[in-house]
Amino acid sequence: METKVKENKLGTEAIVPLLLKLSIPSIIGMVIQALYNVVDSIYIGRLSTEALSALSLAFPIQMVLISIAVGTGVGTSSLISRLLGEKKEHRANNAAEHVILITFIYGILVGLVGFFYSDIIFRIFTSDPVLIDLGVEYTRIILVGSLALFFPIVANNILRGEGNTLMPMLTMLIGAIINIVLDPFLIFGIGIFPKLGVAGAAYATVFARIISGIFIALILFSDKNQIKLKLEEFEFDFEILKGIYQVGLPAMVMQLLASFMIAVVNIIVGGYNATAIAVVGIYFRLQSFVFMPVFGLNQGYMPIIGYNYGHNKPDRMKKTMKYGFLIALIFTTAGFVIFQIFPEQLIRLFNKDQKLIEIGVIALKRISLAFPIIGPAIIGSSTFQALGKGLPSLILSFLRQMILLLPIMYLLGIFFGLDVLWFAFPIAEFIGLILLAFWLSKTLKDVFTTMKKRKLN
């Protein structure tokens, strides 16, 4: 009976309460995760602006790891929700078993790369010996402990695929709280703890992720979920991998594009002022407070869309999309207001260096002009993924970040200087939203026509 309730709620409960019930735990978890990112940087900023810049340069490397985990996780969540909608529970279980195996393979490979090649990797981003020393110290620990990042993210997405967002929220909450509490002790050497500086931040991160990974593993392998993991019954099926990465690979590449984009932005702004690199790092951590709630909303939005697509219920899909776009717009517009009114206060959280504040205030006010349209754009991209169509999201992300943002930023910098190049963000996002609106409208028209024919037959 319990399985039936879990199976049917995505297709039967009222949309708004269901969307909120599924999303709020993820939103809380994402906000806590964003809080960890900001607090981590605040502590590092207290060490020096050089340490803050080194952490900013390491950020794209961390995003590569996140791209692997999130891409695999999004593909898994999308596939599992669609399989459950089609009443193929055994196949959904097998998909979850596949992704657990993949996660361990990723963790071992990245750990080996990090142990032997961290120095070579970090030198791609800077030739400054101080930044290299600080960055390598931090990056090597993060890469060697990458399995501790991969497993919780992927395991959370397995549960989200069946509509369980509470346990993933608790997992993120546990990891973030442990990380925030440990950071000052290991960074500054409080009490019996040694003063480890940037390495302390990395150790705190890995340890916190290990604890959250143990927690979610206990939940995942219990018998209280609709997904039943029995690794001894694992059967390799290439079609399952294809199903995961049909959505997951484009999502992964999208994240990798974001990593590449941030690395190039660091290079562009670093050509004008080294302090601007720290500003970029501060911005990307602060903006997570604005966008993470939307990504949390996605965790409730995607299973509803995917399930009802598989169950041939277009009316529920349309209603979910309507409220998804509206809630996302509210989130990011609120972020726009905060960034416009309190930019200096936000920068001062990290460091009170006057040059940092001058550059940072201008950057935050100009970049945040894009915020109101980014929320709906994120939901639009997720709609493609929920339908099992990851390629459009990938193409649009590539156009926005590679074809539009970076060249516009470079040219604005050449002709008008550092203060003006920040306008590249809202310009690129506006053009990207127009392209997304046209493509998504056409895709949905085709999808709903197909669903109508399926219903008639």
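The values are calculated or read from the model by the stated rules, or taken from the named source; none is laboratory data. It should be emphasised that the depicted structure is a prediction, and the values quoted were computed from it without experimental measurement. Glycine also receives a Cβ, built like all others from the backbone with ideal geometry; neighbour counts cover every protein chain displayed. Note: accessible area is taken over every heavy atom of the protein model, side chains too, but ligands, DNA and RNA are not part of it. Shrake-Rupley method; radii C 1.70, N 1.55, O 1.52, S 1.80 Å.
Considering the stretch 1-31, the residues that are modelled with pLDDT under 70 and of a type outside the set (K, R) include one that is farthest from the chain's Cα centre (by Cα), namely M1.
Please list, ordered by first then second residue, the pairs with beta carbon atoms under 9 Å, 6 or more apart or interchain, first in the stretch 246-269 and closer than 25 Å to S77 by Cα, second of a type in the set (F, W, Y) and assigned to a helix (DSSP H, G or I). Correct list of pairs: V247/F384; P250/F384; M252/Y245; V253/F398; M254/F398; L257/F398; S259/F59. Can you pull out the residues in the stretch 185-198 that are farther than 16 Å from A148 by Cβ and in contact with a Leu (Cβ under 9 Å, 6 or more places away or on another chain)? Once the filter is applied, which keeps residues that are farther than 16 Å from A148 by Cβ and in contact with a Leu (Cβ under 9 Å, 6 or more places away or on another chain), the stretch 185-198 yields I187, F188, G189, F193, P194, K195, L196, G197, V198.
From the set of residues in the stretch 206-228 that are open to solvent by less than 40 Å² (accessible area, probe 1.4 Å), assigned to a loop (DSSP other than H, G, I, E, B) and in contact with a helix residue (DSSP H, G or I) (Cβ under 6 Å, 6 or more places away or on another chain), which is modelled with the lowest pLDDT? For the stretch 206-228, the residue satisfying everything is Q226. The set of residues from the stretch 192-205 being open to solvent by less than 70 Å² (accessible area, probe 1.4 Å) and not in a loop (DSSP other than H, G, I, E, B) comprises V198, A199, G200, A201, A202, A204, T205.
So, Q299, is that one at pLDDT 90 or above, assigned to a helix (DSSP H, G or I) and over 30 Å from S127 (Cα atoms) or not?
Numbers: at pLDDT 90 or above: no; assigned to a helix (DSSP H, G or I): yes; over 30 Å from S127 (Cα atoms): yes.
No.
From (1) surrounded by fewer than 24 Cβ atoms within 10 Å (Cβ to Cβ); (2) of a type outside the set (V, I, T); (3) over 26 Å from I61 (Cβ atoms), pick out the condition that doesn't hold for L173. Against the list (1) surrounded by fewer than 24 Cβ atoms within 10 Å (Cβ to Cβ); (2) of a type outside the set (V, I, T); (3) over 26 Å from I61 (Cβ atoms), L173 comes up short only on (3). Taken together, the residues in the stretch 426-447 that are more than 14 Å from A377 (Cα to Cα) and open to solvent by less than 30 Å² (accessible area, probe 1.4 Å) amount to 3. Within the stretch 276-291, residues that are farther than 16 Å from Q33 by Cα and assigned to a helix (DSSP H, G or I) sit with their Cβ atoms under 7 Å from residues that are at pLDDT 90 or above and open to solvent by 20 Å² or more (accessible area, probe 1.4 Å), at 6+ positions apart or across chains, in these pairs: A276/L418.
Do any helices (runs of 4 or more DSSP H) entirely within the stretch 320-394 hold 2 or more residues that are among the hydrophobic types (A, V, I, L, M, F, W, C) and within 21 Å of the chain's Cα centre (by Cα), and if so, which?
Details: elements: 343-348, 354-367, 371-386.
Fully inside the stretch 320-394 and qualifying: 354-367, 371-386.
Exactly one residue among L65, L79 is more than 23 Å from L231 (Cα to Cα) and open to solvent by less than 60 Å² (accessible area, probe 1.4 Å), and that residue is L65. Within the stretch 277-312, count every residue that is in contact with a Lys or Arg (Cβ under 6 Å, 6 or more places away or on another chain) and either open to solvent by 10 Å² or more (accessible area, probe 1.4 Å) or under 23 Å from Q354 (Cβ atoms) (or both). Of the residues in that region, 3 qualify. Checked against (1) hydrophobic (A, V, I, L, M, F, W, C); (2) farther than 29 Å from I15 by Cβ; (3) open to solvent by less than 10 Å² (accessible area, probe 1.4 Å), A274 passes all but condition (3).
Restricting to the stretch 416-431, give me the number of residues that are closer than 14 Å to P372 by Cβ and not hydrophobic (A, V, I, L, M, F, W, C).
Qualifying residue count, the stretch 416-431: 2.
I395 meets the conditions (1) open to solvent by 20 Å² or more (accessible area, probe 1.4 Å); (2) touching a residue at least 24 places away in the same chain (Cβ under 8 Å); (3) under 27 Å from T76 (Cβ atoms) in every case but one. The failed one is (2).
When the stretch 119-154 is limited to residues that are modelled with pLDDT under 90 and of a type in the set (S, T, N, Q), the one that is most open to solvent (accessible area, probe 1.4 Å) turns out to be S127.
Taken over the stretch 155-169, the criterion of being modelled with pLDDT of 85 or more and within 28 Å of I42 (Cα to Cα) is satisfied by N156 alone.
Residues are listed down the side, and each one gets a yes or a no for (1) open to solvent by 10 Å² or more (accessible area, probe 1.4 Å); (2) touching a Leu at 6+ places or on another chain (Cβ under 8 Å); (3) among the small types (G, A, S):
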residue: T12; (1), (2), (3): yes, no, no
residue: K21; (1), (2), (3): yes, no, no
residue: I44; (1), (2), (3): no, yes, no
residue: T49; (1), (2), (3): yes, yes, no
residue: T72; (1), (2), (3): no, no, no
residue: G85; (1), (2), (3): no, yes, yes
residue: K88; (1), (2), (3): yes, no, no
residue: V99; (1), (2), (3): no, no, no
